Structures are given as structure tokens and as C-alpha cells.
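Before any comments, here is the structure.
The values are calculated or read from the model by the stated rules, or taken from the named source; none is laboratory data. These figures come from a predicted structure and were not determined experimentally. Cβ atoms come from the backbone with ideal geometry, glycine included; neighbour counts cover every protein chain shown. Areas reflect the complete protein model, heavy atoms only, side chains present, ligands, DNA and RNA absent. Shrake-Rupley method; radii C 1.70, N 1.55, O 1.52, S 1.80 Å.
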2 protein chains.
Amino acid sequence: MLEESPGTRVDTVLAKLGKALEQGDIDAAVNLFQADCYWRDLVAFTWNLKTMEGQDQIRDMLTTQLAAIKPARLRQDEKEPASAGAGVTEGWFEFETEVARGHGHIRLRNGLIWTLLTTMTELKGHEEPKGLRRPLGAEHGHDPDRKTWKEKREAEAAELGYTTQPYAVIIGGGQGGIALGARLRQLGVPTIIIEKNERPGDSWRKRYKSLCLHDPVWYDHLPYIPFPENWPVFAPKDKIGDWLEMYTRVMELNYWSSTLCKSARYDEATEEWTVIVERNGEEVVLRPKQLVLATGMSGKPNVPKLEGQDIFKGEQQHSSQHPGPDAYRGKKVVVIGSNNSAHDICAALWEGGADVTMVQRSSTHIVRSDTLMEIGLGDLYSERALAAGVTTRKADLIFASLPYRIMHEFQIPLYEKMRERDAKFYADLEKAGFMLDWGADGSGLFMKYLRRGSGYYIDVGACDLVIDGSIKLKSGSDVSHLTEDAVVLKDGTVLPADLVVYATGYGSMNGWAADLISKDVADKVGKVWGLGSDTPKDPGPWEGEQRNMWKPTQQEALWFHGGNLHQSRHYSQYLSLQLKARCEGISTPVYGLQERHHLS
Amino acid sequence: MLEESPGTRVDTVLAKLGKALEQGDIDAAVNLFQADCYWRDLVAFTWNLKTMEGQDQIRDMLTTQLAAIKPARLRQDEKEPASAGAGVTEGWFEFETEVARGHGHIRLRNGLIWTLLTTMTELKGHEEPKGLRRPLGAEHGHDPDRKTWKEKREAEAAELGYTTQPYAVIIGGGQGGIALGARLRQLGVPTIIIEKNERPGDSWRKRYKSLCLHDPVWYDHLPYIPFPENWPVFAPKDKIGDWLEMYTRVMELNYWSSTLCKSARYDEATEEWTVIVERNGEEVVLRPKQLVLATGMSGKPNVPKLEGQDIFKGEQQHSSQHPGPDAYRGKKVVVIGSNNSAHDICAALWEGGADVTMVQRSSTHIVRSDTLMEIGLGDLYSERALAAGVTTRKADLIFASLPYRIMHEFQIPLYEKMRERDAKFYADLEKAGFMLDWGADGSGLFMKYLRRGSGYYIDVGACDLVIDGSIKLKSGSDVSHLTEDAVVLKDGTVLPADLVVYATGYGSMNGWAADLISKDVADKVGKVWGLGSDTPKDPGPWEGEQRNMWKPTQQEALWFHGGNLHQSRHYSQYLSLQLKARCEGISTPVYGLQERHHLS
């Protein structure tokens, strides 16, 4: 007998699963999963971002949701062939629910489901106007009351927020707010983006001048308009700034720049926010139904409180305020911290002729950029991946299909390979006194990012300067205090300084909620970001998804959005669908609303 | 015996052709063509745009060029399957020459070549930095003299045209100049674009306010950054303006807006142009090696000289100056002309409450937009075409593969179908007194465009207003003269008027050469545009390509570029390669430099 093809194996399971779900036979559905199993759902079944782990959790979700969701037409995606290897069969499928269409990914072991991903792609009757549905533009026929595109656009810009109210307000017009704003625009959800800077892209432009993206172009596309073929692998900050500015314009976003959000308050009775902003020196009151904080996943700058900061006579800056090296030629600079910004800033200062010392307070995870691109990202985000048919959309879904609970298991071997490949480099770094780590379980950079959003540097050259002593390194001792002209470490070392840069990271986005709304609401919502992995800076209990990101929170009608360009692109889709459904009055029964475990 | 597949048939002929060309066996090569045959070459073999018609012309071209061009590695393109139908086998191939790589298309009949298209795609050693060759962006390592992207870009913008000289200057910053500028930038050819308007896109923004593109989005993409999936089918003018503005910015073009070209003079001895421009009120002298006129294929506005224009007390405007209807509610307007602009302007004036009369002086070709999209363009430029694998690039090459000599034969049946489909519409138009035509030989719109660039309207609604009398029509009589308050036709009709709009078209681009350079140079170059079809406004003799467009002219180092968005995209590639080759000192032996037959 011939062995079944991967496609047939996937067909068989999908047919059974589809039938069980349509018939409401929860036992039959659950029995298709192996004991060690995961079902990750992005909005389609749970109106939440949720990973069900094990048969019991899956059973519970189905028991609660199945009757309302009414899944149907589960079928293999004919455009994406199934494949098999190492005892695992993988496939792609499409499905529908009562109100939406979805796309999914499945992994089988021994004919049973190991991992299942279900994602919502569009709401029925609210499909985006693209491809065959793109707008006509010219309105054929004749109409004495015809308004041109420009007249309508100008009228909308003049009226929204004044004589008409937006359904959603997004605070923060960086990549996150812009990507979400673009999706909401396409879905016809009236939205205003509030941004304190003068121009879209300024949040990049205003960083230190040597900054380039540390993630490569294939990982960074925005929705709708991908970067062109000639876009640099690691785009310089000002070029990204220009792209965001043009994107905002051609996507016709209602982007209120030079506008400061002063406060936001939710009225449970009217189910409406009162958002007070200052625009062009004038106070404007907005009354949206939904409020999104897209103020940067890193939240507010973290500056340690140190004795002597008040008497230090030089300059002190948080890394987010550091302009670059031009003013510091010949000056003594102490940079406190040893992650991405610290390394970038130290290298640029050295290039600019400053005498620079890096203070490393705790161990840091380092990967060389080339190595990370090849081993860590290359299968999903690279020219090689594209040539193999792995489009950005497909890569996003493959990445999303790995449950967070076991993601580190996929990551650890990659980092072992990197460590081997760059063994001499790491030995040299340690010889220079640099304290290295590989994440709590050796799972490397992405897990550190997902768990705590910090603790690493993607090396693009600064490590060589540390190794050869061009950047002076003081590691293993924290800062004790500042004097009038020096930073003093706890081990007694005195580092004379004209400038101290605090590359000491950021707080939780929760801090923005406290500032803009209230401490009560911030406390109700709790910590933003982290998986609950019980590793440093990511306290448990296990949540299994990013806490409070892109999904309903304990505060009705309050949402958090952000992250790197990849996340801004991918998760803006699910957040936009959640908002659109509410805007249209579609029932959105949320399964498993997360609890609050930590205040910030 | 099994019949040969299309791919095998194509392989067989390509193998023989490749061998004959590599061995310099011109007879063997020519004998692979049938008697009725065409070889269209875009730069690869002729360093010209040239169609060889019949074996003798092919033999002559090969005799002159073969030794210098050295074609090699002719092989079927494995990514594009061959096909067959109606006695014709079609296939795609790749090839190389001594200095370049190319892509081609072939049609066989009875095992012999009917049509051959050869196009240059890139110069060896000067490949564009895209895909696998995209720039790194971040410069890894450490360099005390490092300049950021922004610093380098600002330095270039400050120096080019002042302390350093551009290799090429493009006069005219509409879609043509911008598309060519983008390609030259990618090829590393220092270029300045001179534009009189304040902002890129203003050449669209400043037209009448109801203007939308008459060509659909799939036909209109610019190089490198295609319009997104949600772009309207027929984009409103201001939206196109915004796109061009952002495109110019993110493609990093050296675009001198608000700059007027005052004169240009070529020095045969130094092989250099002296181009005098006024920028920011200051005279700047540019000394490029190459000068491109991209001032609009329509050239200078054509306003008929009429008796009484000096005594008419109302307003008179060329269509290019007409702002739209807002100021003319309740006014009497006479629009002279009956092509695209005339119809658009009449319809908008009627919508705006004016009393409007169209004066049709000669017959006009009308096609309904829907019908044109479906029957005329749908196989190449539509969602349907995309779904069938016909990308924009492939569509451009298929269109280019049809020799102009026989293109009308492909077009006539399409227009017969359109005439049948919309029979009632055409009958109604004729009943309203409208004079219709279908081009000299019934070949319709594209041939009219290619031959004369005028003589048609793509109906998006104005025809209904003509049919029902909302737009008054006076046809069959030319204008005699103007009085103080009316337009008087030769048949004696008096049309009272507050405003006269001359929708009377444009002259040849040659007129710009006369104004900017000299009458001598303009006369040396001769008429720009037209195929030499010996049909109205396209006098013979037969040229077989657009006269003087995108190819060498009788004036050394002077080039004409322009046309619709499709042509700006597609032909900018071949013009950019011709300029790059000259910039790099690569030998460019031009075959069959066109002669001059008409002064303008």
C-alpha cells in the first residue's frame, strides 16, 4: 500500500475536525488532538488572543464558544501545499465562522493534532476594499452634488473630531499607531491618531543619529505597501521616518501631529471616552468609543534615581534623548547600560571622538547581526525565504503558529548553532570582561524580547570596539552615586564624566495608562507585555500570550498596541478586526479575559 | 508519435537561433524567420528602439550589429511556460550580450519565427541594488569618518548642480521625469530633475478639479513601488499628485521644484550641455552630458488663433488652464473640442450648474470605460490578468511584443466587439448629432494614441449628458470668430459665452526643444511622437516606432521621454539603460538612427 501524502493526512483530520465542530460534538473534536497539544486562536474563536494548552483547555473553550462561533467550511488551503518531516505533518486551511472568514495552520503527529492556529482574516460583509473590491476612484455618471476626492478628504479632515466623532482614538503615531490606523481606515472605522511630534516618523528621526533598524527589511514591512525591492536591509532611522510620513499621507490617515493627549476618562454609563487633547494650542475634546494606547511598547523612559544626580555638573540624558556624538568630541562620556541603545550610542560616540565608558550592570545577550539573519530569521524573513515561497504573510503565520509555551524549544537549537559559529567572538568578549548570557533557558533573543522586551544587543560592530578596548568597559558593578564630575561605582571605581547617558530602558506601557487615564485604571489593567514565563522581568503566572497586548483588557474599551514593525504589522490586523466588529455591533463574546496579576 | 509540446517547439528554434547568432551565421539566423516576420529590439541588439520588418531588414541589422553585440546563452525562460493556440506558439527567453542581459518573447508559425522581441534588462556589472543586491543600510563595523544616511543625502542635495555636476538633466518632473529619475538613481547616474511647479505631482493637481485617470491602476504602476491593492481603479488627480510627491521623496530623487529651465545649449566640442535654470530666484548653470526633455508628450498647449479673441469680453482658457466649474455656476460656457478634456470639463461644468455647449469640429472616437477595461485591457491589465499570472512586467512585454506594423490587426476585432456590445449607446450618440469614428482603419483608441496622441474620449458619464441634451452639442461646424460676448460658428450659429474653453489639444514636444534649445536643434530632430502610419496627424513615411521617443535622436545627447503612466514606466527602463551605458563609457553602436521627415 502506498503511504498517504501529507495533503491527504491533513485532509483526513480537517474533515473530521470540521464535522465535529459543525455538529457541536466537542468530544469528537477534542479527541482529534494528542495529549500534548495547543490551539492558538487569534480572534476567530475566542474574540481574544488565546492559546489553549492541552485537551482540557480546548474542551473548555469549545464548550463556552462553539454555539456562538458556529465554525463551518473548514478545508485545506489549496494554494499552500502540506508538507512533512521529522514525524510532523504541516498544513494550511481556511474556514468560516458565523461572522468571519479565517485562515489556519495545523501540525499533526501520528495522525493527531499537535498544534492548531486559527486566525480571523475578515468579517463577512465588511471585506476590505482591495483587489477585486478596490474603489473605483472616478465616480462615473453625473451628479450635480459631486464632490471630488480632495474636497471629501478635506471636509473629513476638518470635521472629524469637531463636528463628527471618531469611533476610535489612537494615542501615539509611531509605526504601531500608523499600521493600526491604516487598517482601520481600510475597514471604514473613523479614527484619529494623536501624536505629539511635528511629523509622522519623528519618533525615529529624533533618536541618536547613527540609529538604523536592527531588524531586517523582510521582517519590517507595513501593511498594504511593502518596502520596495531596493529598500536597505537595515534602514537608517531618517529613511524609515520619511517612509512613515509618506505612508501616513497616501493611506489618508487622520493623523493629528503636534498634538498632546492631556487626559482620557471612560464613562461606563455612556460607554464613551472623553479624551482631552491640545492641538495647535487649542483644547479639543474627543468622544470615541474605543481608546488605543500605542505609545511605544517600551513605555516611559526609565531613569534610575542616583545620589548626586542633582550636583553633577555635566549633562545627563536618557538614551531616548541622546542626540548622537557631534557635541561630545573629546569629552568623557559614561554610558550606563549594555543593551542595543547602549552599544549603538557608545560606538557612535567613539567614532565621534569621545572618550567613552560602558557600565555593564548585569549580563547581556549578544548575537552578531549576520548570524542572527542567517540562522535566526533566514528561514522566514529573507530573500532566501521569499525564493522558497515564504511570503511575509506566510512567515507571520508560521511564526504565530508556534505556541509560546514551546517556542523556546524551537529557539534553543538555533542559538546553540550561533554560539558555535561565533565561538571565538564570544571568547574575545568574555576576555574583555563582558558578561554574556543566552536568556534564562538559552533560548536567545526573540524569547527575551517576548518575555521582557530587553536584555540584548544585535551586534553591528560595537562589540569589536569593546573587545579591543576602544569602548572602555566596566562590568560587574552597579553605580553607587554621582559626584560633581564623575560616576562612582559600588566597587569604588571613579569614572570622570562630562556626559552621563542612561541607557537603562523603559517602564511598562501601564505607566502611560496611569498618566493619561488614572492610576485606578492602570492598576485594574495591570502589567503590559510579557508571557508570564517566570524568568527575569517576566513574572508568572503563565499567561501564554503577551499580557494586555492587542486584546481586550480588564478596562472596557481600552486597548494596547505596539511592538516592533513585525508585530505592528501582524497584530494590527487582529486588533483592527476586534474594533471593527464592535463598531458594527457584531457580537464579540470574549473567551478567557486575562486576569490581572501585577500592577506594572 | 506524440506531438511536440509548445515548450519543445520553442526550445528547438531558440537552440538554432542561439547557435546561428553565436557563430555569426547570419543566413542560418535569417532562415529561421518566416517571410512575414518582425524583430522588435529594445536596446539589446540595436542600442535603439527598432523594429526590423522582414528578412532583409533583419539581415541588415545582424550584418551591422552582430560582431559588436555578441549574443550568447539564448535559452527558454523556465519560469514562463510556452503556450500555443490558433496556429501560433508563444514563448519567453533569456539571453546575454557582451555587455548586458536580456529578456525576450517569440511567436512561431509552422516552426518559423513570426515575431521576435528582444529587450535589455540590465548591464553586466551595473545591476540594480535590489533583492539579493539591496543595500545594507546600516554600515556595520566602525568608522570614525562615518556619515549617516541623512548627512550623505543632505550633502549630495547641497552639492549636486553646484560643486559637482549631474551626468543627466531631465527637464520636466511629471510622471515621466520621475519614473526615469528613479531608474537613473538606482543605476547610480547622477541626475537632476527640473520642475517649474512647487511640488512633485502639481502637474496633476493643477488640472481641472474633476480629473481622474482614464487609465486603470493595473496599467499605471510606477517602477519599484507599485500602487497598493487598495488603490482606486481610476485615481483622482490629487491622489496621484500625493503619490508622486511621496515617491519622489522615498526614491531620493534630486528634484529641483520651483525651478525654471531658461535655456540649453550643446557644445559639440566638449560634448556637454550648458543648461541655465532659475532656482529660488537665482541663476544656476548646469553642465550635464545628457539632456532629457520630459515636458509632457502632449507638448505645448494648442490655442487656435481666431478673429475676435481680442475683443471677447469674457474669459478664455486653454483646457490645461481650466480650474473646474466652481466659478461658473449660472454662466454660459462654450467648450471648443470633443476629446477627453472637453468631455470631462463639460460634464463638470454641467454638474456645477453652468450652461455648457460643446463645439465638435471633427469626428471623435468614443469608448465606454467599462467596455474598454473589459475588452481592450482586461487580458493584460486587470485583476483577472493578475489572477492568470500576467504581472505588470509580463503585460508590458506582451504589449511590446506586438510589432506596430500589425498591431492594428490585433486591435480591430476588439473594437468591433465593443461597437457591438454598446450598439444602442452609439446609436443614441449619433442621434444626438455626435460625429463618431473608430480610427482611420477601425483600430480604435490605442492606435489613435500611438499614432497621434489624440482624437478620443473614454466615456465615464459625459456621453449620457450629450445624449440627453444636458450638455448642448454643436457639431459639424468649425468656429468662425468671436464677438464681444459670443462664439460664432462658420454655419452662422451664435453661441453666447461668458467663458470659452479651448480643449484643442497640444503641439509636438518638438516645440519645447525649439523654445529651450533652438529652432535649429528642433528642426534637426524633427517631429516627436507618431509611427508614420500615414493616417490623420501621423504623416508617413513609416517609422515603426514612436518618432524620437526614448531613443537616440539626430541631436547627440538629446532625448525625449514621456507618455502615459504605462509608457513612463516601461520605456524609462530602456532610456535609463542607454544613459547608464554612456555614463559608464560602454560602447553603444546605434543601428538605424531615425531620419528626420517632418519639422514639428
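The Cα center of the stretch A:467-530 and the Cα center of the stretch B:577-594 differ in position by 61 Å. Put a dot 7 Å past the Cα of residue A:164, heading toward its Cβ, do the same for residue B:379, and the two dots end up 4.4 nm apart. Each principal axis of the Cα cloud of chain A was evaluated for its coordinate range; sorted largest first, these ranges are 74, 72, 47 Å.
Across the stretch B:6-123, the mean sequence separation of Cα contacts (distance under 8 Å, 6 or more residues apart), normalised by length, yields a relative contact order of 29 percent. Solvent-accessible area of residue A:151, all protein chains in place: 50 Å² (probe radius 1.4 Å, heavy atoms, ligands and nucleic acids excluded).
Counting only heavy atoms of the protein chains and using a 1.4 Å probe, residue B:370 has close to 80 Å² of accessible surface.
Seen against the Cα atoms of chain A and their longest principal axis, helix A:237-250 is set at about 30 degrees. Rounded to the nearest 10 degrees, the angle from helix B:404-421 to the longest Cα principal axis of chain B is 50 degrees.
Summing Cβ point charges (Lys, Arg +1; Asp, Glu -1) relative to the Cα centre of the protein assembly as shown gives a dipole of roughly 480 debye. Working from Cα pairs under 8 Å separated by at least six residues, relative contact order for the stretch B:315-502 is 35 percent. In the protein assembly as shown the Cα-Cα distances spread across 20 Å bins starting at 0 as 10, 34, 36, 18, 2, 0 percent of all pairs. Using C-alpha pairs below 8 Å separated by at least 6 residues, the relative contact order for chain A is 16 percent. In sequence order, the stretch B:562-569 has phi-based couplings of x, x, 6, 5, 4, 5, 4, 5 Hz under the Karplus curve 6.51 cos²θ - 1.76 cosθ + 1.60, θ = phi - 60°, and Gly or Pro positions carry x. Sorting B:270, A:392 by accessible area puts them as B:270, A:392; the probe is 1.4 Å, largest comes first, and only protein heavy atoms count. So how far, in whole Å, is the C-alpha centre of the stretch B:406-456 from the one of the stretch B:39-61? Centre-to-centre (Cα) distance: 31 Å. Translational diffusion coefficient, Stokes-Einstein: compute it for the stretch B:411-467 using the Kirkwood radius over C-alpha pairs as Rh, at 25 °C and 0.890 mPa s, and state it as an integer in µm² s⁻¹. The calculation lands on 204 µm²/s. Considering only B:479, B:404, B:327, and ranking their Cα positions along the charge dipole of the stretch B:315-502 that arises from unit charges at the beta-carbon of Lys, Arg, Asp and Glu, the one farthest toward the positive end is B:404. If R0 is taken as 30 Å, the Cβ-Cβ distance between residue A:280 and residue A:68 corresponds to a FRET efficiency of 0.05. Measuring how big the stretch B:91-189 is from its alpha-carbon positions, Rg and Dmax come out at 19.8, 67 Å. Only the Cβ atoms of Lys and Arg (+1) and of Asp and Glu (-1) were treated as charged; on that basis the dipole of the stretch A:315-502 about its Cα centre amounts to roughly 460 debye.
Between copies, the label points at residue B:127 (set 7 angstrom from Cα along Cα-to-Cβ) are spaced 3.9 nm, reported in nanometres from shortest to longest. What the pair-distance distribution of the stretch B:396-439 shows, using all Cα-Cα distances binned every 10 Å from zero, is 23, 39, 24, 14, 0 percent. Taking every DSSP helix (H) stretch of at least 4 residues in chain A, weighting each as -39,500 (n - 2.57) and dividing the sum by the residue count yields a mean residue ellipticity at 222 nm of -9000 deg cm²/dmol. The per residue volume of the convex hull around the alpha-carbon atoms of the stretch A:13-105 is 95 Å³. Projected onto planes of every orientation and averaged, the convex hull of the alpha-carbon atoms in the stretch A:315-502 covers 11.8 nm². Where chain A is rotated onto chain B, the residue of A whose Cβ comes nearest the axis, and that gap in whole Å, is A:246, 2. When B:191, A:163 are compared by accessible surface with a 1.4 Å probe, the order from highest to lowest is A:163, B:191.
Which value, to two decimals, describes the C-alpha radius of gyration of the stretch B:295-342 once divided by 2.2 N^0.38 Å?
After normalising by residue count via 2.2 N^0.38 Å, the value is 1.30.
Computed from the Kirkwood radius of its Cα pairs, the Stokes-Einstein diffusion coefficient for the stretch A:477-556 at 37 °C and 0.692 mPa s stands at 211 µm²/s.
Separation of the stretch A:68-105 from the stretch B:310-335 is 61 Å, based on Cα centroids. Convex hull volume of the Cα atoms of the stretch A:450-598, normalised per residue: 170 Å³. 3J(HN,Hα) along the stretch B:260-276, derived from phi through the Karplus expression 6.51 cos²θ - 1.76 cosθ + 1.60 where θ = phi - 60°, amounts to 10, 7, 9, 6, 9, 9, 9, 9, 5, 6, 8, 6, 9, 8, 10, 10, 9 Hz, with x in place of Gly and Pro.
To test your reading of the geometry: what angle, between 0 and 90 degrees and rounded to tens, separates the Cα axis of helix B:175-186 from the longest principal axis of chain B? Approximately 20 degrees, to the nearest ten.
Normalised per residue, the accessible area of chain A is 39 Å², obtained with a 1.4 Å probe and no contribution from ligands, DNA or RNA. Label-point spacing for residue A:3 across the identical copies (point 7 Å from Cα in the Cβ direction), in nm and ascending order: 4.0.
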